[in-house]
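Encoded as structure tokens, the structure appears first; notes follow it.
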Amino acid sequence: MTHQKLLFVILATAAFQVAAGTAYRSVDEQGNVTFSDSPVPGAAQEEKVKIDVPAPSAERQQQTRQREAELQKAAGQAGASDAPGQSEQKKAAQQNVRDAEKRLKDASQVREGDRQGTAGGGSRLTPKYQQRVRDAEAEVERARKQMEQMQ
């Protein structure tokens with residue numbers, strides 16, 4: 001939640017900076033008016049519009065800096081509140097999922113002896129192959145559930 005607040009403050013500050021400057025008022029052939037930050041191609045009429053946004057007061061700037069500092073401090077405390085070693089456990093759980101997914105990919109590869117002939121002259125995958133893939137899928141599911149419990 002605190003990261004969202006920090007992001008909001010940054011975006012709001014950027015919006016104020018972008019708002020100051022020049023805009024273009026364009027009118028097309030049907031009389032539709034468009035305001036944009038760049039000239040509209042093919043406009044029947046166009047004029048530059050100066051947007052004057054006053055700079056925030058020194059008091060407001062100080063309030064913003066204080067709020068940013070509070071948000072950064074809160075974000076740091078939120079990160080520090082994790083139990084020691086929990087980050088390593090999360091990383092280990094994520095690695096277990098990646099390893100299980102790799103084993104599933106390997107298990108899904110058709111190998112010699114994984115096909116058996118059929119009466120019609122074709123072939124099908126053996127029950128041994130199908131069980132190997134099911135076991136690997138179950139392992140991936142267990143690893144994912146374990147990782148979700150960490151979060």
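The values are calculated or read from the model by the stated rules, or taken from the named source; none is laboratory data. Since we're looking at a predicted model, the values are computed, not measured. Cβ placement follows ideal geometry from the backbone for every residue including glycine, while neighbour counts extend to all protein chains displayed.
So the values come out like this:
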{"item": "Answer from Ala74, Ala93 - the residue that is modelled with pLDDT of 85 or more and in contact with a helix residue (DSSP H, G or I) (Cβ under 8 Å, 6 or more places away or on another chain)", "result": "Ala93"}
{"item": "Hits in the stretch 95-151 - residues which are in contact (Cβ under 8 Å) with a residue 60 or more places away in the chain and assigned to a helix (DSSP H, G or I)", "result": "Met150"}
{"item": "The lone exception for Pro41 - which of (1) within 30 Å of Ala75 (Cα to Cα); (2) at pLDDT 80 or above it fails", "result": "(1)"}
{"item": "Residue match in the stretch 111-124 (condition: in contact with a Leu (Cβ under 9 Å, 6 or more places away or on another chain), among the acidic types (Asp, Glu) and closer than 28 Å to Arg142 by Cβ)", "result": "yes"}
{"item": "The lone exception for Gly122 - which of (1) touching a strand residue (DSSP E or B) at 6+ places or on another chain (Cβ under 7 Å); (2) small (Gly, Ala, Ser); (3) surrounded by fewer than 10 Cβ atoms within 10 Å (Cβ to Cβ) it fails", "result": "(1)"}
{"item": "So Ala58, is it small (Gly, Ala, Ser), more than 30 Å from Lys145 (Cα to Cα) and modelled with pLDDT of 80 or more", "result": "yes"}
